[in-house]
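Written out below as structure tokens is the structure these notes cover.
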Amino acid sequence: MGQYWKFVNIDKRKQLAHESGVRLREMLGYRCLEPLVGLLRRPQWVPYLAPSYSIRTCKLKSLESPLISLPQEVIEQIVSLLVEDEEPGGEDLICLALTCSYFFRLLGPQVQTILADDEAPWAGDRLIFVGDYANGIPEGVVTEAERHQLVKMARQEYENHFEVDEIAEMMSEDSNLLYDAITEEVAERGAGFERFHRNDPREVEIFGGIFSRAQKRMVSTQECKKAIDLITGVLQHVPTDASGHPRKRAALLRNLTTKEFVLDDTVAQGRLYYSLGEVLGTFTAWTHDGSGNKALDLPGRWAGHRFDIGCLEDVAEEGWKDVSDEAVDNLENAGIDDEGVGRRAWE
């Protein structure tokens with residue numbers, strides 16, 4: 001039957017949902033990993049920071065408000081509790097920031113960070129493209145506490161499908177915990193999964209949309225429009241050139257663990273111009289049976305590392321290495337039959 005594959009986020013204990021293909025060449029060739037572009041792409045917004053005098057002025061103008069007239073340390077404690085109490089956090093803080101000019105200026109930087117994290121929810125996380133023939137976990141990728149938790153999760157999954165004596169035999173040091181334990185799926189906004197052929201009743205989590213959820217709390221259309229204008233015009237403002245158009249930036253995939261990067265433009269110029277998602281799949285493929293892909297170097301040397309998608313300015317400091325040519329070779333060696341037209345990082 002061949003080897004089946006999952007693309008797994010170790011930190012969030014989720015796998016990437018997909019509809020087409022389960023084998024390595026299928027998942028790469030059918031562009032199943034393309035949504036990783038959205039999950040990893042950090043937004044390039046102008047950092048927001050209101051001057052302290054502006055914050056003070058707004059507060060003085062609104063002292064009739066019982067909330068704003070509270071001592072500053074009390075306000076800071078309220079904000080801290082709002083952030084700590086929410087999971088994943090942010091909607092209450094966004095709503096508070098939109099109540100008046102004082103809170104918008106005070107909380108703007110934190111709200112911008114929340115929105116940026118919501119745009120790229122997998123950025124900075126440990127990722128691995130794991131096959132069901134893999135043994136164990138790459139050395140040093142998880143802590144002992146995390147390993148114990150994965151064992152517990154895997155055992156729960158095994159109990160749904162196997163007898164007790166079979167489970168005892170399967171639980172060993174070489175157990176494929178990342179494949180077996182992580183079953184919850186996440187998808188990009190706008191993705192629809194019918195799942196009629198999977199016989200799988202589990203829901204797929206859709207990432208992002210925190211601001212949309214905050215908008216639903218607003219009582220009027222006018223209030224909602226004002227909030228959208230503030231967020232998009234100030235906190236999500238994209239740098240522009242002299243003509244007022246967004247600046248063109250060279251996008252790249254960064255390995256934050258090894259300080260290596262792959263330029264999207266280099267991949268786009270190759271014969272197999274797939275997305276950076278497929279590139280990441282070739283580098284993070286983790287298996288101990290490469291019989292289906294003898295030309296691709298397996299297991300992948302980036303398995304379990306941390307990643308994001310940024311721009312050339314993000315690798316300006318010393319120590320970063322361009323491995324774009326290696327990425328192009330990986331796509332060629334992955335055994336993909338057809339030329340692909342992949343999604344570019346800033347589309």
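Points to keep in mind about this one:
- Looking across region 205-233, the residues that are of a type in the set (K, R) and either in a helix (DSSP H, G or I) or in contact with a helix residue (DSSP H, G or I) (Cβ under 8 Å, 6 or more places away or on another chain) (or both) come down to R213, R217, K225, K226.
- Residue within region 35-47 that is exposed (fewer than 13 other Cβ atoms within 10 Å of the Cβ), within 25 Å of the chain's Cα centre (by Cα) and closer than 30 Å to V204 by Cα present: no
- Extreme residue, modelled with the lowest pLDDT, among residues of region 327-336 that are under 15 Å from Q269 (Cβ atoms) and surrounded by fewer than 19 Cβ atoms within 10 Å (Cβ to Cβ): E332
- Checked against the criteria, E317 counts as among the charged types (D, E, K, R) and more than 27 Å from I137 (Cα to Cα).
- Residues of region 16-30 satisfying the condition of being surrounded by fewer than 20 Cβ atoms within 10 Å (Cβ to Cβ) and either charged (D, E, K, R) or touching a residue at least 24 places away in the same chain (Cβ under 8 Å) (or both): E19, R23, R25, E26
- Looking at region 1-65, the helices (runs of 4 or more DSSP H) lying wholly inside it that each contain 2 or more residues that are aliphatic (A, V, I, L, M) and within 17 Å of R306 (Cβ to Cβ) sit at 36-40.
- One residue stands out in region 41-99 among those that are among the hydroxyl-bearing types (S, T, Y) and touching a residue at least 12 places away in the same chain (Cβ under 8 Å): the one that is farthest from D229 (Cα to Cα), namely S65.
- First in region 211-240 and in contact (Cβ under 8 Å) with a residue 24 or more places away in the chain, second anywhere and exposed (fewer than 14 other Cβ atoms within 10 Å of the Cβ), Cβ under 6 Å, 6 or more apart: H237/V46; V238/P246; P239/V46; P239/R247
- Filter pass, E73 being in a helix (DSSP H, G or I) and either surrounded by fewer than 16 Cβ atoms within 10 Å (Cβ to Cβ) or hydrophobic (A, V, I, L, M, F, W, C) (or both): yes
The values are calculated or read from the model by the stated rules, or taken from the named source; none is laboratory data. From a predicted model like this one, the values you see are computed outputs, not experimental measurements. With ideal geometry, Cβ positions are generated from the backbone for all residues, glycine too; neighbour counts draw on all protein chains shown.
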